[in-house]
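Peer 1: My questions will all concern the structure given below.
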Amino acid sequence: MQDTKGDGRADKIVRFGPTKAEGNAGGTGVKIYNGYVYAETNDRIVRYKLPTDGIEPTAAPETVVSGLPLTGDHPMHPFAIDPQGNLYVDLGSATNSCQSQNRMPNVPGNKPCAELATRAGTWRYDANRLDQHFSPAERFVTGLRNGEGISFDSAGRIFAAMHGRDQLGQNWPKLYTLKQNANLPAEELVQLRQGADFGWPECYYDDVQKKLVLAPEYGGDGGKAVGVCAQKEAPVAAFPAHWAPNAMLIYEGSQFPSAYKDGAFIAFHGSWNRAPEPQGGYNVVFQPLVDGKSSGPFVVFADSFAGAIKQPGQAAHRPTGLAVGPDGALYIADDQGGRIWRVTFQGGDKTTGIAPPASPPPFAQASTSGNALPPEGIHPSAGASPLPIPPGALPDQVALGERIFQGQTAGGTCAGCHGTDGKGTAVGSDLTSGKWLWGNGSVKAITRTIAQGVAKPKNHTGAMPPMGGVPLSKADLAAVADYVWAIGHRNTH
Ligand code: HEC
């Protein structure tokens, strides 16, 4: 992208590199270093030489490192490059908590957790060397479930923002209520030092007790027992559970007031699994740091990306990437509405401290978007014909099923994986296509799948726990099955 007129808008946008049709499954890592643009594609990180004129690289890409793992819950490889040319790449865990059956209720953790050899850590490569091959030997830190944002401060310290685990309540109903699950465990900002172990999968961080405690898969008792976690590395700062820190940037620009220097901006993609509490995140926060340590509570720096509804399928925009320009401007990328924002500081006084906004930011839609919402609203069924009703069922039953599906009652988790519109996400299938992976699409078959869950999905990573991981009553199960039947038969009726 290029802003040729200097008015703060990209007026030139060029696409390069392999397309989806050419087998590129995408990737989230991209960095400019030493005259090259580095990018993640499938199992590798490649680099393209930047052209001397124009913005589009013309040379073929060179492979920096290949053979990175691609399976499981976290197949992406975000990375960062320090000024010395060290390339740090995050390899998130393949599973939620290293169970032999991923995300299934009451299943203990594997001992030892073999995936730690190749996953759940940061690996270090040389950004200036070509054709390196992934192996367990280059592991830099471990026990980091999914440390997506990696960034460096002025003293050369390395930080990462980590996604905490899911499903304490859904998988361990005897130890955690769903309300506790909504607020556990904290998301973490950690400092990476060679050899550090942040505790996954044996431990998670409880930000009320301010310590790492044993996970239920490894003998935890609901939050009191500490065990091996006493020897694991605690975070520098903690954030509300399930907010999903997809990017983190230590601000080293010179445009913003000095209080921002060496502190961390974090882009929270937003939660899917805080029911029965409202979903959270969908914002960019700033965590002040001094000498690499937290120097005060985080403040919400930018909000209102989601619009009226903070829900994965219904948010208008979701922050997912951060970068700083040579002039110190902050860029925020969104993967739901396809925007990038540029944030600049216009004030005179660069000594201003960091203070929370005086009043909550208004929940208004920005008017600059080519992406305005339809006037009938953004409810997935707005404007659609009424749902068909399964034979022998009542409309009320389907309506109850919808509330369960959307997590408005009975602790239902379905929308978290299948999307609020039922059209599927990376971790759950499309239930609206009229085609069924499991059974013939009858209410009976759908009921059976929901009750049993799907331990080994055909087309998706992760798994579906029985009842979606919550103890649904017989009546609730029947209602949500009727609703799934209805959204699956909308187009055929
Ligand atoms: C943790 C993620 C997750 C949750 C929560 C979840 N599912 Fe699923 N669901 C899946 C996956 C994964 C599959 C299997 C897809 C595959 O085989 O590739 C699936 C399959 C299904 C199927 C079978 C679809 C077919 O094509 O035959 C139905 C029906 C279904 N889910 C309904 C529900 C309902 C209703 C809920 C809530 C009570 C729910 N799911 C909660 C992940 C989830």
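Peer 1: Mind ordering 331-342, 204-215 by average Cβ neighbours within 10 Å, highest first?
Peer 2: The most tightly packed comes first, giving 204-215, 331-342.
Peer 1: What area, in nm² and to one decimal, does the C-alpha convex hull of the stretch 43-166 cast on average over all directions?
Peer 2: The number I arrive at for the stretch 43-166 is 9.2 nm².
Peer 1: I need the phi-derived Karplus couplings for the stretch 157-169: 6.51 cos²θ - 1.76 cosθ + 1.60, θ = phi - 60°, integer Hz, Gly and Pro marked x.
Peer 2: With the stated coefficients, the stretch 157-169 comes to 5, 10, 10, 9, 9, 10, 7, x, 5, 10, 6, 4, x Hz.
Peer 1: Based on DSSP H runs of at least 4 residues, each adding -39500 (n - 2.57), what is the mean residue ellipticity at 222 nm of the chain after dividing by all its residues, to the nearest 500 deg cm²/dmol?
Peer 2: Roughly -3000 deg cm²/dmol at 222 nm, from the helical runs in the chain.
Peer 1: What whole-number distance in Å separates the alpha-carbon centres of the stretch 1-64 and the stretch 434-493?
Peer 2: 41 Å
Peer 1: Here's another thing I want to ask about it. Once the Cβ-Cβ distance between THR344 and ALA114 is put in as r, and R0 is 51 Å, what FRET efficiency do you end up with, to the nearest 0.05?
Peer 2: Step by step, r from the Cβ atoms, then E = 0.60.
Peer 1: Could you tell me which Cys residues in the chain have no other cysteine's Cβ under 4.7 Å from their own Cβ, answering none if every one has a partner?
Peer 2: That list is CYS414, CYS417.
Peer 1: Please go through the stretch 38-121 and write out the GluC sites (Glu not before Pro) that DSSP classes as loop and that have at most 11 other C-beta atoms within 10 Å.
Peer 2: Filter output for the stretch 38-121: empty list.
Peer 1: Now for a different question. Cross-link partners among lysines for LYS49, C-alpha distance below 24 Å, same-chain residues fewer than 8 apart left out?
Peer 2: LYS12, LYS20, LYS31
Peer 1: Something else: Excluding GLN194 itself, calculate the net charge of residues whose Cβ lies under 10 Å from the Cβ of GLN194, where each Lys or Arg counts +1 and each Asp or Glu counts -1.
Peer 2: Spelling it out: positives minus negatives among the neighbours equals +3.
Peer 1: What would the Debye formula give as log10 I(q)/I(0) at q = 0.05 Å⁻¹ for the alpha-carbon point model of the chain, no solvent?
Peer 2: The Debye formula, applied to the Cα set alone, gives -0.19.
Peer 1: Another one. Once you put a point 7 Å from the Cα of TYR331 and another 7 Å from the Cα of HIS489, both along the Cβ direction, what distance in nm separates them?
Peer 2: Using points 7 Å along Cα→Cβ, the separation is 5.0 nm.
Peer 1: Within a Cβ distance under 15 Å of GLU115, other residues only, what is the Lys/Arg minus Asp/Glu net charge?
Peer 2: Around GLU115, the charge tally is +1.
Peer 1: Would you please give the residues with an amide H less than 5 Å from that of LEU192, counting only those at least 5 places away or on a separate chain, with H modeled from the backbone geometry?
Peer 2: Placed amide hydrogens put ILE158, PHE159, ALA160 under 5 Å from LEU192.
Peer 1: Same structure again: Within the set of other residues whose C-beta is less than 11 Å from the C-beta of ALA316, count the net charge using Lys and Arg as +1 and Asp and Glu as -1.
Peer 2: That sum, taken over residues with Cβ under 11 Å, equals +2.
Peer 1: Defining a contact as two alpha carbons under 8 Å apart and six or more residues distant in sequence, what relative contact order in percent does the stretch 395-492 show?
Peer 2: 34 percent
Peer 1: For the stretch 292-305, what does the Karplus curve 6.51 cos²θ - 1.76 cosθ + 1.60, with θ = phi - 60°, yield as ³J(HN,Hα) per residue in whole Hz, taken in order and with x for Gly and Pro?
Peer 2: x, 10, 4, 10, x, x, 5, 10, 6, 8, 8, 9, 6, 4
Peer 1: Enter the Cα centre distance for the pair the stretch 124-202 and the stretch 230-244, rounded to the nearest angstrom.
Peer 2: Each part reduced to its Cα centre gives a spacing of 9 Å.
Peer 1: Ok, one more. Which peptide among 130-137, 158-165 comes first, and what is the full order, when sorted by highest mean count of other Cβ atoms within 10 Å?
Peer 2: Highest to lowest by the protection proxy: 158-165, 130-137.
Peer 1: May I ask for the angle, rounded to the nearest 10°, between helix 395-405 and the longest principal axis of the chain, with both axes built from Cα atoms and the value confined to 0 to 90°?
Peer 2: For helix 395-405, the angle is close to 30 degrees.
Peer 1: Another question, if that's okay. Could you size up the charge dipole of the chain around its Cα centre, putting +1 on the beta carbon of Lys and Arg and -1 on that of Asp and Glu, and report it in debye to the nearest 20?
Peer 2: Its charge dipole is roughly 860 debye.
Peer 1: Let me ask something else. So if I average 1/r over every pair of distinct C-alpha atoms in the stretch 395-492 and take the inverse, what Kirkwood radius in Å does that give?
Peer 2: For the stretch 395-492, the Kirkwood estimate is 13.0 Å.
Peer 1: Contact order normalised by length for the chain, with contacts defined as Cα pairs under 8 Å and 6 or more residues apart; what percent is it?
Peer 2: This gives 9 percent for the chain.
Peer 1: While we're here: Which residues does a label at ALA426 reach in the stretch 269-308, if reach means a backbone N under 13 Å from a point 7 Å past the Cα toward the Cβ?
Peer 2: 269-270
FYI, it's all coordinate maths here, none of it is from the lab. All of these numbers come straight from a predicted model, not from anything done at the bench. Neighbour counts are summed over all protein chains in view; Cβ atoms, including those assigned to glycine, are modelled from backbone coordinates with ideal geometry.
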